[in-house]
Amino acid sequence: MPNVVQGMSKCTQLQVELSIVLSLQSLTNHYIEFERLGRYSGEIESLLKLAMPVSETLDSFDKEIDSLFDKQRDHERKQEEIKEEKKVIKKNDKTLKEPIKNKKIKKTKAHQMAKEQRDIPVSEFFEQNRHILGFDNPTHSLITAVKEGVDNSLDACEQAGILPDLIIKIGSQGKDELSLSIEDNGPGIIEENVPNVFGRLLYGSRFGSGKQSRGQQGIGISAAIMYGQLTTGRSAVISTRISKEHLATKITMKLDTRNNRGNVERKEDFIWKDEMQEANEDGIYPEKEHGTKVSFSIKGRYREARPSVLEYIKSTAIVNPHAKIIFINPDKKVFTFERAISNLPKLPTEGVKPHPHGVELGQLMRMAQHSSEYQMAKFLRKDFSSMGTKSINDVLRKSRIASIVRPQDLTRIEAKSLIESFKNTSIRTPTSGILVPIGPKLIKMGLKQVLEEYRPDFYTLPISRTPSVFSGTPFLVEVGMVYGGNLPKDQPVQMLRFANRVPLLYQAGGCAITKAIQSINWRLYGLEQKGGKGTPSGPAIILIHVASTNIPFTSEAKEAIADIPEIKKDIVLALRNNAKPLARHLKKQKKRAKVSEKFDLVQKVLPAIAEKTSSVVGKPVPNLDKVVAAIMDVVWIEESIDYSREGIDIEVKITNYRLRSANFKLRAEVPGHHIKNAEPRPGKRSGTQIIWSVGLPTTESTTYKLHIPEGTRSNFEGLELWVEGIDSTNIIGAEPWTGVNDPGINEALEAQKQGLN
């Protein structure tokens, strides 16, 4: 036995020596290309000299191995002989049996702990730690359940190319127990797949797909059903139909958390009525052709104070204007959010590969080890995004790695060199087709559709930034702002946070979006902010949307985005650009208010003084128009808007409070509408604008009228007025004409182009 062990040790030594030789040979092959160029010849010679002593050992290696195998066979033969002897002893001498049997190994604490250790099914883990998924209190649990169901429905409809129609119902089943159903008109789910989709955690098609989607982890809806089952003990009911050629099926099931699977209790076919369609004269709805409905009970609490289910649905409708959503609360009150557009958002292209900027060292080494390519240049081209010929050549040159080097042979030092080369090389950003922004136009439409009750008087043109990268993952940021109207003036601004079109209602304090907003000095943009830090105050709403193939959430609850420096930086830049038009609007508002205050004071004080003076001297009260004009020295432009069934009627009144006549051109435009009727008849039309030539003597007024037949309160985006040919410092109510519609529109349009094209 000692000889065998000694022999095996020697074999191990030889194997080590052999690995050294092979490594040296690999290094020699690594530099062979450079030898052809006349480089590294000295290094190659040194390496070969170093390998010579070890190579001599290889001559006797075969003999040593044969000898070791002979000894190993002798050892195995002796072991067999010992086994036979033990059998004989066991048969003939029973006295030897008891000592062998009763010989006990001393148990330690480690042995005891080992018995207690076991695999924990993922569903059992989340069952005991449901707060991680957002099921931490009755109110939050209900919102989380609705959110997971709605996310699934919207994703399914969009992937199937179907405009989403959703019905969300919440009913009361007793104290703190609610019924919840979420129905869609999506493609449906095949019967045999229902237990997996709704009964298994970490089951889905989106995890690691590299595509932008709402759901990423395959946890959500199954976790909601699990929580409902845990808190109420009731089964879930899944209704599904995949086409009108197939029957609708209703499946009753429960989750087996120990085995992470769904157990079907009952199946039945049924006739499914489509309540999203109009009923006939007899009140009968047509059959639903396809869709899915999930119904289950849950321990929860419904309220309409923020945060709430209603707030979540409103926010969802803002960033998904292509969806029609009907919500019925426990009091049977119906909230309908109509579809604002009839076009589906573009689906993202195929899953994106990691971008070189931001890729981690360990990630790079793992990718290289498992690459199907055998040359470094081909590896960089195939396994990374945005890598062209120039970028590849620059990276390899800076890292001093030959293009023919095998990625599988990449050392840690070489990998670090590649990482540094990525950072110091200009590599194009990911193509926008990878990510699907909402887009400036749809963001504004969604805000106007849902926030109509607040009557905001100003909407910024939203911004979609170009895609950026963090840790090799692409993302983009979109921002929009709303100001004024009936929004509360003495409260913090309302933040609407979104990730891949999904509202984020909780954990705002730990979210990168909140931290980005709080890092800006909003006093520079006209909003109140104590100390120039923290959340600003005022009648405003700030919308921020982050889209990515892999949103870095802080937890499985998907309520907050991690404070990634790259993401936070892009949010800050987008906010600052979008806040500039708001600052100009507020400055104009402030100027108008100041002049109005001055005008009101003059209108009240001067007539009183004139009347008192006239009574004293016994003369009639003089005309004060010129005196007022001398004090004010402005041209006052004021519009009034009237909404009716016939459309929108707009009046623009111009008064010349100057001691000289006012001669200028007035340009008017209603964005999104063609002005058909205008009085008096405009002198010229330019695109969607109408142009009047204005000539007003001192102290006189004139009125211009516009009618928009197809205009409604929801689609009206405001009246744009510009003046041309007059000093704008003396104009209140219009901007100077600079050749573009809005002084800040170029920035916004460029951002829109970059985000959408």
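The values are calculated or read from the model by the stated rules, or taken from the named source; none is laboratory data. On a predicted model such as this, the values are computed, not experimentally measured, just so you know. In this analysis, Cβ positions are derived from the backbone assuming ideal geometry, glycine residues included, and neighbour counts consider all displayed protein chains.
Arg428 falls short on exactly one of the conditions (1) modelled with pLDDT of 90 or more; (2) under 28 Å from the mean Cα position of the chain (by Cα), and that condition is (1). Evaluating Gly509 against the criteria (1) within 16 Å of the chain's Cα centre (by Cα); (2) part of a helix (DSSP H, G or I) leaves one unmet condition, (1).
In segment 279-307, which residue that is out of contact with any helix residue (DSSP H, G or I) (no Cβ under 7 Å at 6 or more places or on another chain) and small (Gly, Ala, Ser) is farthest from Ile242 (Cα to Cα)? Ranking the qualifying residues of segment 279-307, first place goes to Ala305. If you go through segment 674-701 and keep only what is in contact with a Leu (Cβ under 9 Å, 6 or more places away or on another chain), surrounded by fewer than 15 Cβ atoms within 10 Å (Cβ to Cβ) and closer than 16 Å to Phe664 by Cβ, you end up with just Ser693. Taken over segment 460-503, residues that are under 21 Å from Lys587 (Cβ atoms) and in a strand (DSSP E or B) amount to 6. The single condition from (1) closer than 23 Å to His545 by Cα; (2) in a helix (DSSP H, G or I) that Pro456 fails is (2). Any chance segment 523-533 includes a residue that's in a helix (DSSP H, G or I), at pLDDT 90 or above and under 22 Å from the mean Cα position of the chain (by Cα)? Scanning segment 523-533, I find no residue that is in a helix (DSSP H, G or I), at pLDDT 90 or above and under 22 Å from the mean Cα position of the chain (by Cα), so the answer is no.
Residue under question is Asp282, and the condition is that it be within 21 Å of Gln229 (Cα to Cα), at pLDDT below 90, of a type outside the set (Val, Ile, Thr) and surrounded by fewer than 18 Cβ atoms within 10 Å (Cβ to Cβ); does it hold? Spell out how you get there, then give the answer.
Values: within 21 Å of Gln229 (Cα to Cα): no; at pLDDT below 90: yes; of a type outside the set (Val, Ile, Thr): yes; surrounded by fewer than 18 Cβ atoms within 10 Å (Cβ to Cβ): yes.
Considered against the rule, which asks whether it is within 21 Å of Gln229 (Cα to Cα), at pLDDT below 90, of a type outside the set (Val, Ile, Thr) and surrounded by fewer than 18 Cβ atoms within 10 Å (Cβ to Cβ), Asp282 comes out as no.
Checked across segment 294-311, the condition of being among the acidic types (Asp, Glu), in a loop (DSSP other than H, G, I, E, B) and closer than 18 Å to Leu447 by Cα holds for no residue. Please find, within segment 645-673, the residue that is modelled with the lowest pLDDT out of those that are among the basic types (Lys, Arg) and surrounded by 14 or more Cβ atoms within 10 Å (Cβ to Cβ). Step by step, filter segment 645-673, then rank; the result is Arg658.
When you scan segment 398-408, do you find a residue that is crowded, with 16+ Cβ neighbours inside 10 Å and among the basic types (Lys, Arg), even just one? Yes: segment 398-408 contains one or more residues that are crowded, with 16+ Cβ neighbours inside 10 Å and among the basic types (Lys, Arg).
Please find, within segment 353-383, the residue that is farthest from Lys416 (Cα to Cα) out of those that are surrounded by 15 or more Cβ atoms within 10 Å (Cβ to Cβ) and in contact (Cβ under 8 Å) with a residue 60 or more places away in the chain.
Taking segment 353-383 as the starting set, the residues that turn out to be surrounded by 15 or more Cβ atoms within 10 Å (Cβ to Cβ) are 353-359, 363-365, 367-368, 371, 373, 375-381, 383.
Narrowing further to those that are in contact (Cβ under 8 Å) with a residue 60 or more places away in the chain: 353-359, 363.
Values: Lys353: 20, Pro354: 17, His355: 16, Pro356: 13, His357: 13, Gly358: 13, Val359: 11, Gln363: 11 Å.
Here the residue is Lys353.
Filter segment 623-653 down to the residues that are within 15 Å of Glu720 (Cα to Cα) and aliphatic (A, V, I, L, M) and list them by number. Within segment 623-653, Ile637, Ile641, Ile648, Ile650, Val652 meet the criteria.
Identify, from the list Ile413, Ile328, the residue that is in contact with a Phe, Trp or Tyr (Cβ under 9 Å, 6 or more places away or on another chain) and either surrounded by fewer than 16 Cβ atoms within 10 Å (Cβ to Cβ) or modelled with pLDDT of 90 or more (or both).
Values: Ile413 fails: in contact with a Phe, Trp or Tyr (Cβ under 9 Å, 6 or more places away or on another chain).
The unique qualifying residue is Ile328.
Within segment 245-256, residues that are without any contact (Cβ under 8 Å) to a residue 24 or more places away in the chain sit with their Cβ atoms under 9 Å from residues that are buried (at least 16 other Cβ atoms within 10 Å of the Cβ) and among the polar types (S, T, N, Q), at 6+ positions apart or across chains, in these pairs: Lys250/Ser239; Lys250/Thr240; Thr252/Ser235.
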